[in-house]
Every structure is written in structure tokens, then in C-alpha cells.
Amino acid sequence: MVSRPVVLVAVDHATDIERVMEFALSTATARGADVHVIHVVPHRAALVHERTGHWRLERHNDRGVASGAPPASIPGSADHRDVHVRRVTLRGEPEHVIPAYARLYEASVLLVERHYGSSRFWRNGRVVGELARRSPMPLLVLPRRRLTEPPRRILAPFDFSVASAVALRTAVRLARREGARVTLLHTLNDVSPHMVFGGREAWEAVRRLPALKDVVAERLRRKAAFFGAGDVDTEVTTGAAADAILELDRRGDTDLIVMGVADRSWLERLLVGSTLGRVLLRANAPVLVVPVVAGAHPWPIEHLAGPPDSALFADPVVERAAA
């Protein structure tokens with residue numbers, strides 16, 4: 001029986017442990033939680049027994065063998081007031097083992113660096129992308145740059161799906177708690193209902209674009225108001241969603257990106273591409289990924305869905321993320 005909330009941290013040979021643990025411990029202190037640090041090694045590697053308190057993590061190469069790099073130290077609970085640090089080393093595949101452990105211990109959030117599980121020579125972000133889609137709880141992906149605490153500007157990409165609605169609700173609650181400001185971003189992919197062949201049609205599409213952006217921006221503000229956010233910023237652009245998110249991130253005024261993600265098959269991701277994958281791999285700001293069952297469905301009409309606190313919008317996973 002878990003008596004306190006759990007902040008779960010996944011580490012491997014490439015993890016900057018001191019930086020990640022500093023963030024994890026501050027998060028746990030604010031939530032009155034404990035920290036569980038999970039290290040997953042391949043099946044053929046020797047299993048290290050679970051320990052608590054002060055411990056040292058040996059760096060391993062991609063084959064699960066100690067690489068001889070200087071060991072990284074993780075402080076125990078005695079160094080951080082009432083936060084208890086637990087180390088667990090398990091064998092298996094991270095994308096399967098970590099979600100299973102998180103579900104068993106009812107972790108409230110999973111922290112991981114963006115290149116977790118990657119080879120030293122190819123930072124592809126595949127494992128983190130799989131964790132984002134399999135995790136039963138919100139996943140916070142940390143970039144290499146120094147983190148800003150608390151966030152002052154939260155970016156919430158929004159495509160009028162259930163997944164983006166849940167992400168917006170999470171962003172609004174985080175902003176309310178931290179005194180931050182929310183920016184809603186939407187990318188238009190239906191500027192013209194058909195292919196433009198002539199200059200006249202192209203001119204008409206360009207002429208209608210400002211009015212269309214105004215309509216969408218007003219719709220975004222109504223969606224935010226549905227969750228109690230009376231004053232938000234809006235950005236309506238054209239083009240690929242990932243490019244728009246990364247462009248706003250590059251401006252330097254984004255401290256946190258909140259994205260809802262619906263489960264998609266590998267074939268869908270192969271054919272359509274993955275906005276989430278590109279953002280996780282290239283964003284400078286931390287990315288909070290909120291998994292949403294049936295998130296690909298369009299958001300129901302507000303007056304039919306009921307108030308935001310109704311059972312239709314109840315989501316204990318997101319409640320834990322924003323708590």
C-alpha cells in the first residue's frame with residue numbers, strides 16, 4: 001500500500017543524475033512525495049538488488065556492461081528533509097518495465113531526460129516516445145538546458161481533440177497554481193477546402209486568412225474559459241504543428257509545453273509522422289505529456305458535455321499531475 005505520492009525518475013548511462021535528482025527532489029518536496037529512481041538493465045545483465053538511502057549508480061554502455069565512467073551519486077532521504085529516495089534496478093525493456101512499475105506504485109509523475117534509452121551515438125528519442133504513449137501517468141521530459149522553476153509561461157498546443165482539451169485543463173490548473181500565463185497554439189490545416197491552382201484562388205485564400213485566424217482565436221479563448229481561464233494568449237498559424245510549437249519555443253518565452261497524447265499505432269505514426277516525437281527531441285523547454293484514452297476523438301460541444309468538473313471530464317491521472 002502506497003501511503004505517499006511517488007515521483008518516479010528513470011535513469012540510465014546518459015542521465016545527468018545530479019540535475020535530474022535536484023529537480024525531482026524539489027518536485028517531491030512541494031508535493032509531499034517520495035522519489036523512486038528506476039534503473040532498467042537488459043535481461044542478460046546482472047540484477048542489482050533494490051536499495052534505499054544513499055547509493056551510487058554505475059554507468060553502463062548500450063549492452064548493459066559497466067563502462068568505467070565515473071559513478072554518479074544519488075543522495076538519500078537523510079539529505080532532503082522528509083523525502084525518501086528509493087532505488088530500484090530491474091531487468092527488461094524500459095518501455096514495458098517502467099509503465100508497469102509506475103502503475104503498481106501509483107506514481108503521480110514520471111521524470112526522464114529526453115535522450116533516455118538512446119545510444120551515445122544516435123539520439124533518436126525512440127524510448128522516450130514509447131514511454132510517452134504507454135505511461136499510465138503524466139511524463140515530464142527534461143531538456144539539457146537549465147530548468148526554470150516555477151514555469152511562468154506555459155504553451156498548450158490545441159487541435160480541438162479530447163487529448164488537447166485534457167492538456168489544456170492541466171495547463172490551466174498548473175498556471176493557476178504557479179501564477180503562470182497560458183498560450184494556446186493552433187495550426188490551420190484547412191485554409192483552402194481544395195487545391196489552389198490559380199493566382200486568383202491563392203489571393204482569395206490569403207485574403208481570408210486573417211479573418212479565419214480571428215475566428216479560431218476566439219474559439220480558443222472560449223475553450224479556455226470553459227476550464228476557468230479568463231485571460232489567455234492565442235497563437236494561430238499555418239503549416240506543420242511541430243514546426244509551430246518549436247518556433248514558439250525558440251523565441252525563449254516558453255517555460256513548459258503541455259501536450260495531450262492519444263495512443264496511435266506504429267503504422268499511423270509511420271504514415272502521418274509524430275508531432276510529439278519531433279517536439280520531444282528538439283524542444284528547449286520541458287515537455288509535460290499527458291496520456292489520454294480515446295484522446296483522438298473531437299472534443300464534444302461544451303453545452304452537451306457539462307461543466308468541467310463533471311464526471312465526463314473527471315481524470316484522476318491529470319488531477320495528480322496538476323495537484
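The values are calculated or read from the model by the stated rules, or taken from the named source; none is laboratory data. As the structure is a prediction and not an experimental result, all values here were calculated from the model. Here Cβ is always computed from backbone atoms with ideal geometry, including for glycine, and neighbour counts include all displayed protein chains.
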Would you please list the contacts, defined by Cβ atoms under 7 Å and residues six or more apart or on different chains, that run from a residue in the stretch 158-177 that is at negative phi to a residue that is surrounded by 24 or more Cβ atoms within 10 Å (Cβ to Cβ) and of a type in the set (Phe, Trp, Tyr)?
Ser164/Phe158; Leu168/Phe158
State yes or no: is Leu248 more than 18 Å from Leu174 (Cα to Cα) and touching a residue at least 60 places away in the same chain (Cβ under 8 Å)?
yes
Selection from the stretch 12-38 of residues within 17 Å of Pro138 (Cα to Cα), of a type in the set (Val, Ile, Thr) and touching a residue at least 60 places away in the same chain (Cβ under 8 Å) yields Val20, Thr27, Ile38
Qualifying residues in the stretch 140-157 (those that are surrounded by 22 or more Cβ atoms within 10 Å (Cβ to Cβ) and either more than 16 Å from Leu276 (Cβ to Cβ) or of a type in the set (S, T, N, Q) (or both)) - the one modelled with the highest pLDDT:
Ile154
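Residues of the stretch 204-248 being charged (D, E, K, R), in a helix (DSSP H, G or I) and modelled with pLDDT under 90, which ones? Walk me through it before giving the result.
Step one: filter the stretch 204-248 for residues charged (D, E, K, R), giving 204, 207-208, 213-214, 218-219, 221-223, 231, 233, 235, 243, 247.
This time we only want the ones that are in a helix (DSSP H, G or I), so: 204, 207-208, 213-214, 218-219, 221-223, 243, 247.
Answer for the stretch 204-248, where residues must be charged (D, E, K, R), in a helix (DSSP H, G or I) and modelled with pLDDT under 90: Glu204, Arg207, Arg208, Lys213, Asp214.
Quick check on my filter: what residues within the stretch 272-283 are in a loop (DSSP other than H, G, I, E, B) and either modelled with pLDDT under 85 or over 13 Å from the mean Cα position of the chain (by Cα) (or both)? Spell out how you get there, then give the answer.
Within the stretch 272-283, the subset in a loop (DSSP other than H, G, I, E, B) is 273-274, 283.
Within the stretch 272-283, Gly273, Ser274 meet the criteria.
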For the stretch 90-139, how many residues meet the condition of being surrounded by 20 or more Cβ atoms within 10 Å (Cβ to Cβ) and part of a strand (DSSP E or B)?
6
